[in-house]
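Data first, discussion second: the structure below is written as structure tokens.
What follows is calculated from the coordinates using simple rules that are stated; it is not laboratory data. All values reported here derive from a predicted model rather than from experimental measurement. Here the Cβ positions follow ideal geometry from the backbone for every residue, glycine too, while neighbour counts run over all protein chains shown.
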Amino acid sequence: MRKPNYDAAGEKQFCEKIAEHFDTDIVTVKQINEYVKTNGLAYPHFLFTSMSAKAGWGKYRVRKSALSAVTAPENTVASAVNESIAAMTATVTAIRPERVHVGKIASNITESLIPNKDPTYVPFGFYNDLKMIVSAKIFYPVYITGLSGNGKTIMVEQICANLKREFVRVNITKETDETDLIGSYELIDGNTVRREGPVVTAMRKGAILLLDETDYGSERLLCLQPILEGKPFLDKKTGELIYPAEGFNIIATANTKGKGSDDGRFIGANVLNEAFLERFAITVEQEYPSVSVEKKILLRNFELHGVTDLEFADRLITWAEIVRKSYMDGAVSEIISTRRLVHISKAMSIFKSRMKAIELCLNRFDEDTKRGFLDLYTKVDATVTVAANTVSLPGESGHSILREDDADESLDSLVTPVNLGPIQNPFVVPAVVPAVVPAVVPAAYQRVTQHVGTVVSTPANGFTAAATKIATASVMSGLSQQVANNPFLPMSLFKVSMDTGEKIDVAHDASSGEFLVASHAQVTRVSPERLVEYGEEQCLEKAVELNRKKAQKLVDPFTHTRLL
């Protein structure tokens, strides 16, 4: 129900003044509209919500004598009929539309819709340009589109908070219609009362109206056509012509551009009417924040929630960046949003565990995607481990997600145990050096790859089979090059690993330029020429297939060492 815009004294003064102005005890809606407009007053909704003030169709008592007078009607039956009709009629009525400039009415409404400032928000993207549009106080509708969780809604909210502008947010669904947006009639305490919708409220206040998730709406949104043109709106139910106050503007946010979601990612997103979309002056594509901005966002959330593990923020951002690149390359169908990282930071403040915070916030994904994302994170952060189906590494703060059936006890027994601790740079493969053991293998061998697939490390009881084979093959040349020198390889590695279901290791031989691909406890070398000829994904697929054949003794592992 509408909040009163007059107190008791104000109601009494309004009634006395309008009665004196028209020299009558009973005034019509037309007279009320004329008086309000001429004197710049707030609309007297209290008259229309008071059944005792009704004096007939479109007439209201304003003098105490008229309100308290009890006069017997000449025709009792006619009087009863009139009273019944009045009781059933909405309390805000008008026989014909009256020109009412509501901008002045809004100035007398005391409730404030200015949002609070969010201490964790960091401006980025279209923020500055949108701030200029809002500051200009001209009617200029904006349509903002972008992937989920990249800060579209909060950007509009925080601009209004910064500029101290009132902000009205409406979440759109396929069921949203004119009654939800403009207003409807409600039965309250036996009286039929007009409930004003959020669009009209924003117009009266000169506020910023946010239509959130606009692409989930239907053709029912076409009721906003005249409002999207910046023109006054005629409320068909009340006959009131509503003029937008200065500063009123409409901003829409959506995951699509109103053309639906062909890939099924945003189920329920509709194809919007072209005439509706055409009324937005500009369309903006919102991207995820840059690494530096996203780090600031996470650090502010860490500070707000009392998380002191600042290194965790770096690991999360690196992880999210790899996933997003994989998503853009079509390697995965899900993405890690900025909002998801904020959820993880809050979970971290509660559970005090990196892996638990991540795992709980990944439970919304299907099991394969969740496991893939968890495995990928373990490549970025050497301090965590995936609990299920893994080989634990006693005595080491690192981890491994090697399957138990990949272990090769005969090879492990030839290796001197080494504990290297957590790796600092997840992309660097340090040089190997000979070790004094029966077989020629390195004594300081670290993880070969830190992206997707098997994390090769140094368990207390010796190397795994894949680690030993890679180390043995590379001991004379050394592996000092960064895998990240080829920016496409991590993405390809992630896709091939997900497609084949195999854990894959990759190392780079600095001296020959070859890549060593390990899977199935086998190793295949890939020359730079083959990398150029086939491309990253095809090379990896071929190398993994060759390793599988070698593991199954379909080909001679000593003969087929390179991808031909």
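Full extension of the chain between Ile188 and Glu274 gives 27.0 nm of extra length, using 0.36 nm per residue less the Cα-Cα distance.
Using R0 = 41 Å, the C-beta based FRET efficiency linking Gln225 and Asp314 works out to 0.25.
Projecting label points 7 angstrom from Cα along Cα→Cβ for Tyr327 and Trp57 puts them 6.0 nm apart. Once the Cβ-Cβ distance of Asp7 and Asp368 is raised to the sixth power relative to R0 = 60 Å, the FRET efficiency obtained is 0.45. D for the range 127-285, whole µm²/s, Stokes-Einstein with Kirkwood Rh over alpha-carbon pairs at 4 °C and 1.567 mPa s: what number? Reported coefficient: 80 µm²/s. Taking label positions 7 Å along the Cα-Cβ direction at both Ser50 and Gln538, the computed distance is 8.5 nm, reported to one decimal. Each Lys or Arg adds one and each Asp or Glu takes one away; over the other residues whose Cβ falls under 10 Å from the Cβ of Leu228, this sums to 0. Centre-to-centre separation between the Cα atoms of the range 267-298 and those of the range 185-215: 25 Å. Less than 17 Å from a label point 7 Å out along the Cα-to-Cβ axis of Ser218: which backbone N atoms in the range 165-201 qualify, by residue? Under cut-off, by backbone N: 171-182. Put simply, when 525-531, 214-220, 113-119 are sorted by average Cβ atoms within 10 angstrom per residue, most first, you get 214-220, 525-531, 113-119.
For Asn171 and Glu20, the FRET efficiency from 1/(1 + (r/R0)^6), where r spans their Cβ atoms and R0 equals 45 Å, is about 0.45. Mind scanning Lys137/Lys295; Lys296/Lys370; Lys37/Lys231; Lys152/Lys295 and naming the pairs with a C-alpha gap bigger than 21 Å? With Cα atoms farther than 21 Å apart: Lys137/Lys295; Lys296/Lys370. Once both labels are positioned 7 Å from their Cα atoms along Cα-to-Cβ, the gap between Glu529 and Lys30 label points is 9.7 nm. Using the average count of surrounding beta-carbon atoms within 10 Å as a protection proxy, the listed peptides 267-279, 333-345 rank, highest first, as 333-345, 267-279.
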